[in-house]
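The values are calculated or read from the model by the stated rules, or taken from the named source; none is laboratory data. Just so you know, these numbers come straight off a predicted model, no measurement behind them. Note: ideal-geometry Cβ built from the backbone for every residue, glycine included; neighbour counts use all protein chains shown.
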Amino acid sequence: MAAYYTAAEITPGIYHIYENSNVCCTLITGANAALLIDTGYGFSDLAGFLQRLTTLPLVILNTHGHLDHTGGNFQFASPAWMHPAEQDVYDLYQQDKASMLSFLQKRFLAGKISNPFPAHFEEDAYFTYKAVPFLPACDGQQIDLGDRMVQIIALPGHSKGSLAVFDDQSGTLVSGDSIDRSLWMMFAHSAPPETLCAALYQLKKRFPVGRILASHAKTPYPPQMIDAVINAIRHRNPDTDSIFIHPRHGYQALHHKEPITGIAGVSQIHLVYPLPHEENTPVP
């Protein structure tokens, strides 16, 4: 049976960790500490798996409050850094576990993902609300790992408090769900697409990004992915974009498909955003 977690060392000291539910977390190791960015769903023993990669003290950061990024927080004794706006998002998704797990099961039965649930998974225990402590993280905050300093960058869009992390030593940007081939920005807790667009312009000016690690991509994106996301946002058109139906809750949004070239394995950026003249829907 294949391992539930697999880790790829992208560059010395940076591991991109994939779990079978089709989400990644990232570990950045320094001389004195290691930074774990996101904790996945928490279906299996992530804390135990990390012992194979490092015995350094862990600093934990959540890019945002969604269940597939914070679900494993309860496995760790230390609190996680997260933007304060994401506490309500975390609580919301803790209460939406049933529909999340049902959706994953449907994707598995349809052959779209590997089995997201390990053999020892206890569903009833998982449904229990996981109260975990958070520390407030903000744009510009630095985390000292010893021989490397990483910086937190605010990229509001997917959620208002979405964060990314830049490692200057390697030029690696860990983007969470803010830069990827599929961008969902139709939630009540999302920021407007133009807000993300402005933040990405600033990102390009301030940081020499050499590679991008996204939460739902096993391999790195080149820095050109930033421009691809900007173009998708700029070219969205409510008059011609198609209707998108949320796969778990059934509400409608708009779906823009932006063709791109020059990025291996990516032919389109998919941007999902609210219908015009409507507030973002309150369901997750």
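Some points to look at:
- Residue tally, condition under 16 Å from Phe207 (Cα atoms) and polar (S, T, N, Q), over segment 148-170: 3
- Condition met for Thr54 (more than 14 Å from Gly176 (Cα to Cα) and hydroxyl-bearing (Ser, Thr, Tyr)): yes
- Residues of segment 87-115 satisfying the condition of being over 20 Å from Ala217 (Cα atoms) and in contact with a helix residue (DSSP H, G or I) (Cβ under 8 Å, 6 or more places away or on another chain): Tyr90, Tyr93, Gln94, Asp96, Lys97, Ala98, Leu101
- Out of Gly176, Gly250, one residue alone is closer than 17 Å to Ser159 by Cβ and either without any contact (Cβ under 8 Å) to a residue 40 or more places away in the chain or in contact with a helix residue (DSSP H, G or I) (Cβ under 8 Å, 6 or more places away or on another chain) (or both). It is Gly176.
- Summed over segment 16-42, the residues that are among the hydroxyl-bearing types (Ser, Thr, Tyr), closer than 20 Å to Val209 by Cα and out of contact with any Ser or Thr (no Cβ under 7 Å at 6 or more places or on another chain) give a count of 1.
- In the set Gly146, Gly176, Gly171, only one residue is at positive phi, within 19 Å of the chain's Cα centre (by Cα) and surrounded by fewer than 23 Cβ atoms within 10 Å (Cβ to Cβ); that residue is Gly171.
- Qualifying positions in segment 56-79 - part of a loop (DSSP other than H, G, I, E, B) and either touching a helix residue (DSSP H, G or I) at 6+ places or on another chain (Cβ under 9 Å) or more than 22 Å from Gln142 (Cβ to Cβ) (or both): Asn62, Thr63, His64, Gly65, His66, Gly71, Gly72, Phe76, Ala77, Pro79
- Residue pairs whose Cβ atoms lie under 6 Å apart, sitting 6 or more positions apart in sequence or on different chains, and linking a residue in segment 137-164 that is farther than 15 Å from Asn62 by Cβ to a partner that is of a type in the set (A, V, I, L, M) and surrounded by fewer than 16 Cβ atoms within 10 Å (Cβ to Cβ), are Gln142/Met149; Gly146/Ala31; Asp147/Ala31.
- Residue pairs whose Cβ atoms lie under 8 Å apart, separated by 6 or more positions or on different chains, with the first residue in segment 1-28 and within 21 Å of Asn62 (Cβ to Cβ) and the second among the charged types (D, E, K, R) and in a strand (DSSP E or B), are Tyr4/Glu19; Tyr5/Glu19; Ile10/Arg211; Ile14/Asp167; Tyr15/Glu9; Cys25/Glu19; Ile28/Asp167.
- Looking across segment 218-242, just one residue is in contact with an Asp or Glu (Cβ under 6 Å, 6 or more places away or on another chain) and not in a helix (DSSP H, G or I), and that is His235.
- Leu275 in contact (Cβ under 8 Å) with a residue 12 or more places away in the chain, assigned to a helix (DSSP H, G or I) and over 28 Å from Tyr41 (Cα atoms): no
- Segment 1-48 - residue that is at pLDDT 95 or above and polar (S, T, N, Q) and, of those, nearest to Asn115 (Cα to Cα): Ser44
- Among the residues of segment 223-254, those identified as of a type in the set (Asp, Glu) and surrounded by 14 or more Cβ atoms within 10 Å (Cβ to Cβ) are Asp227, Asp241.
Condition check ((1) under 14 Å from the mean Cα position of the chain (by Cα); (2) of a type outside the set (A, V, I, L, M, F, W, C); (3) under 23 Å from Ile143 (Cα atoms)) across all residues:
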{"position": "Ala7", "(1), (2), (3)": "no, no, yes"}
{"position": "Thr11", "(1), (2), (3)": "no, yes, yes"}
{"position": "Ile17", "(1), (2), (3)": "yes, no, yes"}
{"position": "Leu27", "(1), (2), (3)": "yes, no, yes"}
{"position": "Phe43", "(1), (2), (3)": "no, no, no"}
{"position": "Leu50", "(1), (2), (3)": "no, no, yes"}
{"position": "Trp81", "(1), (2), (3)": "no, no, yes"}
{"position": "Lys97", "(1), (2), (3)": "no, yes, no"}
{"position": "Leu101", "(1), (2), (3)": "no, no, no"}
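- Taken together, the residues in segment 107-119 that are surrounded by 13 or more Cβ atoms within 10 Å (Cβ to Cβ) and either part of a helix (DSSP H, G or I) or basic (Lys, Arg) (or both) amount to 2.
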